[in-house]
Amino acid sequence: MKEIYLDNNATTKVDDQVFEEMRPYFCEFYGNPSSMHFFGGQVQKKVDEARNRVASLLGALPEEIIFTSCGTESDNAAIRSALEVSPERRHIITTRVEHPAVLTLCRNLSKRGYRVTEIAVDGEGRLDVDELRSVIDEDTAIVSIMYANNETGVIFPVEEVGKIVKEKGALFHTDAVQAVGKIPMDMKNSTIDMLALSGHKLHAPKGIGALYLRKGVPFRPFMVGGHQERSRRAGTENSASIIALGKACELAGQFLDDENNRVMAMRDRLEKEILAIVPKVRVNGGLAERLPNTLSVAFEFVEGEAILLLLNEKGICASSGSACTSGSLEPSHVLRAMGVPFTCAHGSIRFSLSRFNTEDEINMVIRELPPVIHRLREMSPFGREVLVSN
Amino acid sequence: MWDYTDKVREHFLNPRNVGEIKDADAIGEVGSLACGDALKLYLKLDESKERIVDAKFQTFGCASAIASSSALTEMIKGKTLDEALNITNHEIAEFLGGLPEEKMHCSVMGQEALDVAIAKYRGTAVPSHGHDHEHMEMEGEIVCKCFGITDQFLKKVIASNELHTAEQVTHFTKAGGGCGGCIPKINELIAEVMGEQPKEEHKRPAKLTNLRKMQLIQDVLEKEVRPLLWADGGDLELIDIAGSLVQIAFRKACAGCVSSGHTAKFVEQKLREYVAEDIRVEEVEG
Ligand code: FES
């Protein structure tokens, strides 16, 4: 069975061109970029090229890019550094809907004596910027607010946030793991001090990430040891993956229009058709500005894991915000923070597309999904009245 | 992805006995939409009203909930009511070739629905969930408010499955998997049932100076209480400490929440557990 992969916010296929670009750097050009000899030097050149490519996707300077092992490392490095450079400030601001990479760290820090404020979102997943304004003060060391949410795709007004942060002299970090490569950004004209990105969300392999660090922003390294990455991140460079990330960023730049036209149109069509065919459905974050590729839909009276497994039988890969897929008993913290009613939260499914998806695949989902929902509703003791109209 | 057995998968994909029985003799309903799973079981009895001739179900829930319901109906058909009552949740899981431990509550839900159906038919009270059957006499006291689960029901599940930890109890019944406020009580129940001494998890200091007590209270609020509230979008602020009286104000989702009284009790319980027996928590406007 050929898979229909609609779980690109979880991870993506490595683009063939990306793989070809990195391939020689395992067995052939395996030199250490830090070595003095020509053999390491030629790898160094490719690493530099990769840095340029990543920088150019972000509208940043090459020296503002630090390669890391993943998005989580970038997030950790940014937040910990901000706390170290201004030890007198003891307040951290984040949101209730962050990825665990940020949320778990902040909650751990709160046990170490930091004051942590988690900003709320509204029913559509939009950030309460007024709350940010009212809680930020001279004690705030760092504000870490994601660029776009992984579950709903809702985009946060990061530049507006950055302005507020600057007024209080705090640092602003954004987890942009879901946004980079999907929407355009330009660090030259931005209020962001630090930005985390991850390779495997944009068709590079797993195990590579980067941290954008604005020139002039003080920094304390998270990993110490050798002088790699200008002593900002020790450890021998993962050269093959860095080269892959560079290529992936170059391609992402080229496909940005495609993402915001063709991919978005497929997402919109999927959304429209589902809403038209299936009764008692709502789109989580549907009224907010969203990433072009993400669709989170809540089906009432059915449970997410059951939907996923039936779709799985058809080769359709998606994910859910339901509790039952995670082993926890409560639905996702994002949907709960949005106040999505429990009746819907348990039956929420996320489809996340990429440039590799086709119209045919979307047609297939539009064909296969409604019977799955109908079948589960027929089995359910609730909401039986909706079946009559169906 | 869950590691389901082929049998679970097969019963999920082709569930037996789905639907309702219009003239059912007995109906058992457990769970709710909010809980994430629910099962409505219909039984049809023979002339003598002793033997189950037909069983059907409607289930809202994950794959293992559906498979467990399907298995249950297959297992009880042809059995007398007394024989059916002897079926344990363990046997339901076994019928399916086993369930992941985190999913054992699905098999418990099946057995529970059966108990409820038969008890209702016979007009006796049953230990069960508290959510959806207002008309029923429930035995025991609610221990887990989040999932509406009584002490009687928990004791029964603990005993029949020989559960030793609160985590296991959560896997089997869901109790403790929400706010976690009922976990100390669950530990007590385990101790009671298994005849073990409850483990003293946190040593309360024997004697406290006033200063030390205040520090400890702040500490417990920071480390043990607030993180749990955050998880539900709430927060609290410590307003004042006067001797054993601790005044707090709720913030965010907790402020104005109908169950904040329950939350205040939870805070008090935590502080008593960690700091001193005589602590009283009062909610104030702040
Ligand atoms: S009361 Fe049991 S989990 Fe909340």
> In this structure, does B:H202 turn out to be more than 15 Å from the ligand (Cβ to nearest atom) and either at pLDDT 90 or above or within 14 Å of chain A (Cβ to nearest Cβ) (or both)?
Replying inline: no
> Pairs under 9 Å by beta carbon, first residue more than 16 Å from B:G195 (Cβ to Cβ) in the range B:157-185, partner of a type in the set (K, R) and away from the ligand (no atom under 15 Å from the Cβ), six or more apart or different chains?
Replying inline: B:H171/B:K103
>> Quick check on the range A:222-252: of everything there that is open to solvent by 40 Å² or more (accessible area, probe 1.4 Å) and in a helix (DSSP H, G or I), which residue is nearest to A:E64 (Cα to Cα)?
In response: A:R230
> If we keep just the residues of the range B:158-190 that are closer than 18 Å to B:D37 by Cα and β-branched (V, I, T), which is nearest to the ligand (Cβ to nearest atom)?
Replying inline: B:T170
> Take the residues of the range B:251-277 that are modelled with pLDDT of 75 or more, open to solvent by less than 70 Å² (accessible area, probe 1.4 Å) and in a loop (DSSP other than H, G, I, E, B): which is nearest to the other protein chains (Cβ to nearest Cβ)?
Replying inline: B:V275
> For the range A:172-194, what are the residues that are within 14 Å of the chain's Cα centre (by Cα) and closer than 22 Å to A:R355 by Cβ?
Replying inline: A:A176, A:V177, A:Q178, A:A179, A:V180, A:G181, A:K182, A:I183
>> Condition check: under 28 Å from B:F266 (Cα atoms) and either modelled with pLDDT under 85 or of a type in the set (F, W, Y) (or both). Does B:E102 satisfy that?
In response: no
>> What's the total number of residues in the range B:63-105 that are over 20 Å from B:A119 (Cα atoms) and touching a strand residue (DSSP E or B) at 6+ places or on another chain (Cβ under 7 Å)?
In response: 2
>> Let me confirm something: among A:V18, A:V14, which residue is in a helix (DSSP H, G or I), open to solvent by less than 50 Å² (accessible area, probe 1.4 Å) and closer than 30 Å to A:N363 by Cβ?
In response: A:V18
>> Among the numbered criteria (1) more than 16 Å from the ligand (Cβ to nearest atom); (2) at pLDDT 85 or above; (3) not in a loop (DSSP other than H, G, I, E, B), which one does B:L211 miss?
In response: (2)
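The values are calculated or read from the model by the stated rules, or taken from the named source; none is laboratory data. Please read these numbers as outputs of a predicted model, since none were measured by experiment. Heads up, the Cβs are rebuilt from the backbone with ideal geometry, glycines too, and the neighbour counts pull from every protein chain shown. Heads up: the accessible areas ignore ligands, DNA and RNA and are worked out on the full protein's heavy atoms, side chains in. Shrake-Rupley method; radii C 1.70, N 1.55, O 1.52, S 1.80 Å.
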